Amino acid sequence: MKPFVFLGAATLLLTTASALPYASESQSAQHQRSKRDTSAISIVQTVAPTSNTCANAPVAGDCATASQAAAPILASFAQSSITSPAEQAALLSWMAFESGDFKYNHNVSPGTPGQGCRNMMMPGFVKKYAAVVQGADASSTDPATVLNSVITAGGDWGAAAWFYSTQCSDAIKNGLKTGGKAGWEAWITGCVQTTVTDARTQYWQRAAQALGMSAS
């Protein structure tokens, strides 16, 4: 079976967003768009199993379902040219793990002010990222204000792609694209700068398998 590359759906979503209304599409085009959109949502939900609902979410304002998350994640990949399944699996699993299946957008334990976005970046990185997010406030000295401005501007979904594109070395990125599990682990420890745990690995394995990759 040919792997589903997340970017295929991203390209379609971005094209139709700036083109004619859906009502002007042919029935065939509408069918293909619906099929790809559904596939993208299904992949997100496979990686983040509880993202099918926001009912009883711990922080209602932070929560997003798979159907809400798929399009902005795809758009962020397209904008940052995240094209390989290995890169997409790494970033998708990172966001899903850190945000508790997209239930959180702010760090609530231990509650570090200014830490957040879907990949739970530390405040220093959030401030750097805010400088490139249209409508965000990178000038504030209050980390929580900076983070909230990024989220309000809709930049939370693009944070992982930005971090990967701008904060990781070429060697780490090349290893991730070609190195399988070992390459992913080197990215987690060498760029994300955290430890590889069983729970984090399970998220990556689900993403890798959903995108047609080997999870070993």
Residues of the range 79-103 that turn out to be in contact with a helix residue (DSSP H, G or I) (Cβ under 8 Å, 6 or more places away or on another chain), within 23 Å of residue 149 (Cα to Cα) and part of a loop (DSSP other than H, G, I, E, B), as a count: 2
Residue list for the range 170-201, restricted to those being more than 17 Å from the chain's Cα centre (by Cα), farther than 20 Å from residue 125 by Cβ and not aliphatic (A, V, I, L, M): 174, 175, 178, 179, 180, 181, 183, 185, 197, 198
Residue satisfying condition, being under 27 Å from residue 45 (Cβ atoms) and more than 14 Å from the chain's Cα centre (by Cα), within set 69, 153, 89, 138: 153
Residue tally, condition in contact with a strand residue (DSSP E or B) (Cβ under 9 Å, 6 or more places away or on another chain) and surrounded by 15 or more Cβ atoms within 10 Å (Cβ to Cβ), over the range 36-76: 1
Selection from the range 121-154 of residues that are buried (at least 18 other Cβ atoms within 10 Å of the Cβ), in contact with a helix residue (DSSP H, G or I) (Cβ under 8 Å, 6 or more places away or on another chain) and without any contact (Cβ under 8 Å) to a residue 24 or more places away in the chain: 127, 136, 137, 149
Residue match in the range 187-208 (condition: in contact with a Phe, Trp or Tyr (Cβ under 6 Å, 6 or more places away or on another chain), buried (at least 16 other Cβ atoms within 10 Å of the Cβ) and not aromatic (Phe, Trp, Tyr)): yes
Selection count, the range 183-205, where residues are of a type outside the set (A, V, I, L, M) and either in contact with a Gly (Cβ under 8 Å, 6 or more places away or on another chain) or not in a helix (DSSP H, G or I) (or both): 6
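For (1) in contact with a Ser or Thr (Cβ under 8 Å, 6 or more places away or on another chain); (2) in contact (Cβ under 8 Å) with a residue 40 or more places away in the chain, each residue gets a yes or a no:
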residue	(1), (2)
38	no, no
47	yes, yes
51	yes, yes
55	no, no
58	no, yes
66	yes, no
72	no, yes
76	no, yes
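Quick grid of which residues meet (1) in contact with a Lys or Arg (Cβ under 7 Å, 6 or more places away or on another chain); (2) closer than 29 Å to residue 58 by Cα; (3) at pLDDT 95 or above:
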residue: 108; (1), (2), (3): no, yes, no
residue: 117; (1), (2), (3): no, yes, yes
residue: 125; (1), (2), (3): no, yes, yes
residue: 152; (1), (2), (3): no, yes, yes
residue: 155; (1), (2), (3): no, yes, yes
residue: 187; (1), (2), (3): no, no, yes
Residue tally, condition within 21 Å of residue 154 (Cβ to Cβ), modelled with pLDDT of 85 or more and touching a Leu at 6+ places or on another chain (Cβ under 8 Å), over the range 15-46: 2
Yes/no for residue 136 being out of contact with any Lys or Arg (no Cβ under 6 Å at 6 or more places or on another chain), modelled with pLDDT of 95 or more and under 21 Å from residue 69 (Cβ atoms): yes
Test set (1) touching a residue at least 12 places away in the same chain (Cβ under 8 Å); (2) not in a helix (DSSP H, G or I) - residue 208 fails condition number: (2)
Residue ID - nearest to residue 74 (Cα to Cα), chosen from residues in the range 193-205 that are in contact (Cβ under 8 Å) with a residue 24 or more places away in the chain and of a type in the set (A, V, I, L, M, F, W, C): 204
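The values are calculated or read from the model by the stated rules, or taken from the named source; none is laboratory data. What you see is a predicted model; the values in this text were computed from it and never measured. Cβ: placed from backbone, ideal geometry, glycine included. Neighbour counts: every protein chain shown.
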